[in-house]
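The values are calculated or read from the model by the stated rules, or taken from the named source; none is laboratory data. Model, not experiment: these values are computed from the prediction. So basically every Cβ, Gly included, is an ideal-geometry build from the backbone, and we count neighbours across all protein chains shown. Note: areas computed on protein heavy atoms with side chains; ligands, DNA, RNA excluded. Shrake-Rupley method; radii C 1.70, N 1.55, O 1.52, S 1.80 Å.
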Amino acid sequence: MSKKRTLVSFDWAIKNILRDKANHDVLEGFLSTLLDTDITILSVLESEGNQQEESDKFNRVDLAVEDENGEIFIIEVQNSRERHYLQRLLYGTSKLVVDHVSLGDSFKKVKKVISISILYFLFGEGENDYLYRGTTEFHGMNTQETLRLKPEKRRAVLGQEITAGSIFPEYYLIEVERFHDIITKGIDEWIYLFKNSKVRPEFTSKNIQAAAEKLDLLKMPENERRAYERYMIDRASEKDMIKTAR
């Protein structure tokens, strides 16, 4: 019988250890499973998520990645508690688009942004799903048909046609607290990890067993363990203050 591992929470790991190149395989496994394509991280982009001050309230990492077809995307993975969360998502993706196209560059250089939110708070109402995906499409107001671009406007790039969905930002919302620990597909194994800070021995999603090794609290240096303990205490205090305010 395998011993139970004590793993650090994924929201802390995103900010503190997964941005390290040696640990990119963990994020690559998660992203590949969610997006259903092999993802390779090319670089961690400069962003607010790189701040290291204890007063920093952000928990986000921005990545330049390449999929198995050679297409390059910008992906932001974030976890934060904000009242105006949808507005925050829109601001974040818009800023990423603008920041990575230089003034005077052709708009052809605009990269698609994929925003992934791991939500450790209840966002929707009722017994809703725990995994949402949002994309942009254009529908005729009279015919309800999806807008189809003319051939010269949808020239194939790396074997894929250009559509609104391949250009406009794409959003994934993972409501961790609504997940009931029922595993039916690969991404469920990762959400189980997000919720419980555990990886079952039978999990087979790409690199998830590597996550169990690299997020093992007992294998962390003493200074990192202490920093993590402070973070968990602060998070508990934050929850208490929110309950008190309510």
Just the residues that are of a type in the set (A, V, I, L, M, F, W, C), open to solvent by 30 Å² or more (accessible area, probe 1.4 Å) and within 21 Å of E125 (Cα to Cα), please, taken from segment 174-218. I182
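Check segment 26-41 and report whether any residue there is open to solvent by less than 20 Å² (accessible area, probe 1.4 Å) and modelled with pLDDT under 85.
no
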Do you know which of the residues in segment 110-132 that are part of a loop (DSSP other than H, G, I, E, B) and open to solvent by less than 70 Å² (accessible area, probe 1.4 Å) is modelled with the lowest pLDDT? G126
Filter result (within 19 Å of E28 (Cβ to Cβ), assigned to a loop (DSSP other than H, G, I, E, B) and touching a Phe, Trp or Tyr at 6+ places or on another chain (Cβ under 8 Å)) within segment 60-109: D67, N79
Set K219, K206, K243: member being at pLDDT 95 or above and of a type in the set (K, R): K206
Go through segment 133-146 and give me each residue that's assigned to a loop (DSSP other than H, G, I, E, B) and within 29 Å of L31 (Cα to Cα). T135, T136, E137, F138
Those residues that are assigned to a helix (DSSP H, G or I) and surrounded by 20 or more Cβ atoms within 10 Å (Cβ to Cβ), I need them from segment 13-22; list them, please. A13, I14, K15
